[in-house]
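The values are calculated or read from the model by the stated rules, or taken from the named source; none is laboratory data. Because the structure is a prediction, the values reported are computed rather than measured. So basically every Cβ, Gly included, is an ideal-geometry build from the backbone, and we count neighbours across all protein chains shown.
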Amino acid sequence: MKPTMKLAHALAAAALIAATAATATLAQQGINASQMTNSLAAVSRSGKLSLTGAQLRQAVLDNIRNYPGAVPSHPLSFPELEGLTQIVVEVDFDFNSDVIKPSSYRTVGAIADALHHPLLLGYGFLVIGHTDAVGGRAYNVGLSQRRAEAIRAALIDPFGVNPAVLEAVGMGEEQLRDPKHPTAAINRRVQLVNVGKKFCFGRSGEQFVCP
Amino acid sequence: MKQTAFVPALLFLLAGIGAAAAQTMSYAEAISQVTTMCRNDIARFCKGVPLGPRLRACFDANQARMSPQCQQTTRTVFASITRRATAQRDIGDICSADILRLCGTSFADASLVECMSGLAPQAMSPRCYQTFLDTGWATERTRP
């Protein structure tokens, strides 16, 4: 039940947001922070990630070294990560750049709205960037890392999300969503993964590290 | 004839005022308004500046030179999201007595928003009610 449900959530969110690329303002207004909140808050069914961002980044580099080639012959998989509550969003960037396109500003704002909701307050999130297979694999790891960091930076300032709950990871093209069509747009995406509670709150909203 | 034209105009005006007093803006709405109303100013003063601290800094540095429509929008948007952020930060303090008494729960409990949204406005202290409205959590309430 869990995986299908999660996938349905993720796909719903992805479909919702992917629609913005094609159609302008109306579709963009369909990006809904409460849907994101709902999807990401299904955390009671989820756990805490023991892998660190640094370990994930290392695994990505190891995958390139262990399975060299123009495209990944061995898709990278993190079962523990895949079991966590998450959504997939499309954020558009300028070509070969970590500059977020203005057409995606609203999406980043909606992510911030979701992260400010009390249901998600205090939870940690991985912002994971993925590219398609255009360009070298190592280059794409760097590009997706910079893109994930650009989203993280915007969520923090101007959108006021607590920096301590956000970590950026770039996976390059090591986890193509559609390996049969490695250059397809569906491969370019951002994964937002709820990695479990980091901070707890007292009666008056004061924040402390959860015991 | 005159009257029929006047009444809808007045209603429209009142509705606008009511909405402005009752709601703060989401970050998604805020950034949309700024990018729409300041499109030309961004192209002129902040071309290529990425969304993030640098774009905010660029706005701060060029505010006085930007178009009146952009300045006005930026002011409104900034005031609104500041009010929302402050409410989200302070609601635990301002509403702690009401939350405990009426919802039997403490801050940041998952059921808090559901409980508060279901309360009659007059059940809470006016300041708590206004703060709750300002958080934006009621309008972006999650439904199961």
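Data for the structure
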item: Residue check for A:Arg106: part of a helix (DSSP H, G or I) and free of Cβ contacts under 8 Å to residues at least 60 places away in the same chain; result: no
item: The listed residue being over 17 Å from the mean Cα position of the chain (by Cα) and of a type in the set (Lys, Arg), out of A:Arg137, A:Arg146, A:Arg189; result: A:Arg137
item: Subset of segment B:89-139 [more than 19 Å from the chain's Cα centre (by Cα), among the charged types (D, E, K, R) and at pLDDT 85 or above]; result: B:Asp93, B:Asp98, B:Arg101
item: Where A:Pro79 falls short, out of the listed (1) at pLDDT below 95; (2) touching a Lys or Arg at 6+ places or on another chain (Cβ under 8 Å); result: (2)
item: Check on A:Glu167, touching an Asp or Glu at 6+ places or on another chain (Cβ under 8 Å) and charged (D, E, K, R); result: no
item: Candidate set from segment A:133-163 (those that are small (Gly, Ala, Ser) and free of Cβ contacts under 8 Å to residues at least 40 places away in the same chain); member that is nearest to A:Gln86 (Cα to Cα); result: A:Ser144
item: Selection status of A:Ala114, surrounded by 24 or more Cβ atoms within 10 Å (Cβ to Cβ), part of a helix (DSSP H, G or I) and within 18 Å of the chain's Cα centre (by Cα); result: yes
item: Selection status of A:Leu143, surrounded by fewer than 23 Cβ atoms within 10 Å (Cβ to Cβ) and modelled with pLDDT of 95 or more; result: yes
item: Residue in segment B:73-86 that is within 11 Å of chain A (Cβ to nearest Cβ), among the basic types (Lys, Arg), closer than 15 Å to B:Tyr129 by Cα and in a helix (DSSP H, G or I) present; result: yes
item: Check on A:Phe199, within 14 Å of chain B (Cβ to nearest Cβ), within 22 Å of B:Gly92 (Cβ to Cβ) and in contact (Cβ under 8 Å) with a residue 12 or more places away in the chain; result: yes
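Here is a yes/no grid of residues against (1) part of a helix (DSSP H, G or I); (2) touching a Cys at 6+ places or on another chain (Cβ under 8 Å); (3) away from every other protein chain (no Cβ under 14 Å); (4) over 15 Å from A:Ala168 (Cα atoms):
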position	(1), (2), (3), (4)
A:Gly124	no, no, yes, no
A:Val134	no, no, yes, yes
A:Ala138	yes, no, yes, yes
A:Ser144	yes, no, yes, no
A:Glu149	yes, no, no, no
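Here's the yes/no breakdown for (1) touching a helix residue (DSSP H, G or I) at 6+ places or on another chain (Cβ under 7 Å); (2) away from every other protein chain (no Cβ under 14 Å); (3) not polar (S, T, N, Q):
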| site | (1), (2), (3) |
| --- | --- |
| A:Thr37 | yes, no, no |
| A:Gly53 | no, yes, yes |
| A:Arg65 | no, yes, yes |
| A:Glu90 | yes, yes, yes |
| A:Asp94 | no, no, yes |
| A:Thr107 | yes, no, no |
| A:Ile111 | yes, no, yes |
| A:Val127 | yes, no, yes |
